[in-house]
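Peer 1: Here you go, one structure.
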Amino acid sequence: MKAEHINPFLKSTIETFKTMVGLAVTPGKLYLRKEPSNADISGVIGLSGDVRGAVVMAYPLVTALKISSKFLGEEVKELNASVADCIGEIANIITGFAKKDLQTLHLSISLPSIVRGTGHVVDMPKEAPVMCIPFESEAGSFTMEVSMVDK
């Protein structure tokens, strides 16, 4: 996976949270995933075209509730269908925005899938490296995982 393939996802995450959620997010140091992130809710977008892979936005419950509250404009106190929709929509916006900067890859993106459950893990194909970008915000921390392998 090339740095020029990760940068659009980094840029789109910062911009999406700023404009759609009204939240500044700060990326941490990128790292190659050795163990899957444990999360309470994740938005997953599949990638196909010249590459195959996925984008996973993984959140602890407290962060997901705060982000959903900001996105929806009303306080959300429990994990429900509205939170799942919100997490899926944010993953969709981020991936769609990044896709426009990756036009040379002729990417198609799937509809968002939501995985929920305390400490769940989203596995990726073993042959595909997974780059992780941790983010911090006033709503809490979360992780973006991007995996792409040439077809």
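The values are calculated or read from the model by the stated rules, or taken from the named source; none is laboratory data. Quick caveat, the model's predicted, so the values are computed rather than measured. Ideal geometry is used to build each Cβ from the backbone, glycine not excepted, and the neighbour counts take in all protein chains shown. Protein only, heavy atoms only, side chains kept; ligands, DNA and RNA dropped before computing areas. Shrake-Rupley method; radii C 1.70, N 1.55, O 1.52, S 1.80 Å.
Peer 1: For segment 72-148, state which GluC sites (Glu not before Pro) are in a DSSP loop and have at most 15 other beta carbons lying within 10 Å of their beta carbon.
Peer 2: Numbers: sites: Glu74, Glu75, Glu78, Glu89, Glu127, Glu136, Glu138, Glu145; in loops: Glu74, Glu75, Glu78, Glu127, Glu138.
Filter output for segment 72-148: Glu74, Glu75, Glu78, Glu127, Glu138.
Peer 1: Excluding ligands, DNA and RNA, what is the solvent-accessible area per residue of the chain at a probe of 1.4 Å, expressed in Å²? Provide the component values of the computation, followed by the final result.
Peer 2: On the way: 7560 Å² over 151 residues.
Accessible surface, normalised per residue, equals 50 Å².
Peer 1: Put +1 on the Cβ of each Lys and Arg and -1 on the Cβ of each Asp and Glu in the chain; which of Ile94, Gly140, Met124 then has its Cα farthest toward the positive end of the dipole?
Peer 2: Met124
Peer 1: Can I ask one more? What list of ³J(HN,Hα) values in whole Hz, one per residue of segment 58-64 in order, does the Karplus curve 6.51 cos²θ - 1.76 cosθ + 1.60 (θ = phi - 60°) give from phi, with Gly and Pro shown as x?
Peer 2: 10, 10, x, 4, 4, 5, 4
Peer 1: Still on this structure, please answer the following. When ranked by the protection proxy of mean other Cβ atoms within 10 Å per residue, highest first, what sequence do the peptides 39-48, 92-101 form?
Peer 2: Details: 39-48: 22.2, 92-101: 19.8.
Ranking the peptides 39-48, 92-101 by packing returns 39-48, 92-101.
Peer 1: Using the structure shown, select from Lys18/Lys151; Lys34/Lys100; Lys66/Lys151 the pairs with a Cα to Cα distance greater than 31 angstrom. All intermediate terms of the calculation are to be shown ahead of the outcome.
Peer 2: On the way: Lys18/Lys151 34 Å; Lys34/Lys100 29 Å; Lys66/Lys151 38 Å.
The pairs that break the limit, which is 31 Å between Cα atoms, are Lys18/Lys151; Lys66/Lys151.
Peer 1: Hey, what number do you get for the chain at 222 nm if only DSSP H runs of n ≥ 4 count, each worth -39500 (n - 2.57), divided across all residues, to the nearest 500? Please report the intermediate quantities before stating the final value.
Peer 2: Numbers: 3 runs with 45 residues, N = 151.
Theoretical 222 nm ellipticity from helices: -10000 deg cm²/dmol.
Peer 1: Out of the total accessible area of segment 3-150 (probe 1.4 Å, heavy atoms of protein only), what percent is carbon and sulfur?
Peer 2: Details: 3800 of 7210 Å².
It is 53 percent, rounded to a whole number.
Peer 1: Counting alpha carbon pairs within less than 8 Å and at least 6 residues apart, what relative contact order, in whole percent, applies to the chain? If you can, show how the numbers build up before the last one.
Peer 2: Details: 309 pairs, mean separation 58.3, N = 151.
This gives 39 percent for the chain.
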